[in-house]
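These notes concern the structure reproduced below.
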Amino acid sequence: MKTAVPCYYHLDVDVCPERVGQVRRILAAHLSYWELETHVETVCRGAEMLLTAIDEHATDKHTSIEMWWNGQHLITAVGGRDRRLRPDQDLRACLERIAVMSDGWGCCATGTGSQVIWFSQRARSGERVPLVPTGPAPTLREVRQVPRELPAAALAAPAPAPTGDTHGVLEAAR
């Protein structure tokens, strides 16, 4: 899976049958831009079901749609301003379908009395590729051959005595 940058999108719309298709295309474009093409169908289908249900049952058609991507979950929320809309009664069939197709969902009221319905999708990783350690690439074009064994004569020879004045070296070290 790619390293994800958190993303947020907000759209306010007055729901009507013609706008539902437009909203679907807008959400699909944003998911493609975020490189989340695998979630386009599920998210757009869920948002489309909620918008259609709001269009059928709500008197105030103004809704807000929000999407959040945090790298692990994609959360889609649809909120309406109609206080008389009861998700437990008016949107029951829609919520049952959303519960089946999503990894998590919920409904909550806002401080103004409107309702927000949200659903989430977990990020699915593609193929799992095992990690295989690779050797470092040489930085030089020519590689020097290192002898694997030292000749016995090289080990038996005494080390040469240092030559020159060592007094200056010792003074510099102090």
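The values are calculated or read from the model by the stated rules, or taken from the named source; none is laboratory data. Source: prediction; values computed, not measured. Because the Cβ atoms are built from the backbone with ideal geometry, glycine has one as well, and the counts that use them run over all protein chains shown. Just so you know, the surface numbers come from the protein's heavy atoms only, side chains and all, with ligands and any DNA or RNA stripped out. Shrake-Rupley method; radii C 1.70, N 1.55, O 1.52, S 1.80 Å.
The rows are residues; the columns are (1) in a strand (DSSP E or B); (2) in contact with a helix residue (DSSP H, G or I) (Cβ under 9 Å, 6 or more places away or on another chain).
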position: His10; (1), (2): yes, no
position: Glu41; (1), (2): no, yes
position: Val78; (1), (2): yes, yes
position: Cys108; (1), (2): yes, no
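I need a count of the residues in segment 47-63 that are of a type in the set (Gly, Ala, Ser), under 30 Å from the mean Cα position of the chain (by Cα) and more than 16 Å from Ile98 (Cβ to Cβ).
Result for segment 47-63: 0.
Mind checking whether some residue in segment 66-77 is of a type outside the set (D, E, K, R) and without any contact (Cβ under 8 Å) to a residue 12 or more places away in the chain?
No, every residue in segment 66-77 fails to be of a type outside the set (D, E, K, R) and without any contact (Cβ under 8 Å) to a residue 12 or more places away in the chain.
From the set of residues in segment 63-87 that are open to solvent by 40 Å² or more (accessible area, probe 1.4 Å) and not charged (D, E, K, R), which is nearest to Trp118 (Cα to Cα)?
By that ranking, first place goes to Ile75.
Name the residues in segment 1-33 that are free of Cβ contacts under 8 Å to residues at least 60 places away in the same chain, within 12 Å of the chain's Cα centre (by Cα) and surrounded by 16 or more Cβ atoms within 10 Å (Cβ to Cβ), would you?
Selection gives Leu31 alone.
Between residues in segment 82-106 that are at pLDDT 75 or above and residues that are open to solvent by 60 Å² or more (accessible area, probe 1.4 Å), which pairs lie under 6 Å by C-beta distance while being six or more apart or on different chains?
Asp82/Thr59; Ile98/Trp105; Ala99/Trp105; Asp103/Arg122; Gly106/Trp118
For residues in segment 38-50 being in contact with a strand residue (DSSP E or B) (Cβ under 7 Å, 6 or more places away or on another chain) and of a type in the set (A, V, I, L, M, F, W, C), which is surrounded by the fewest Cβ atoms within 10 Å (Cβ to Cβ)?
Ranking the candidates gives Val43 first.
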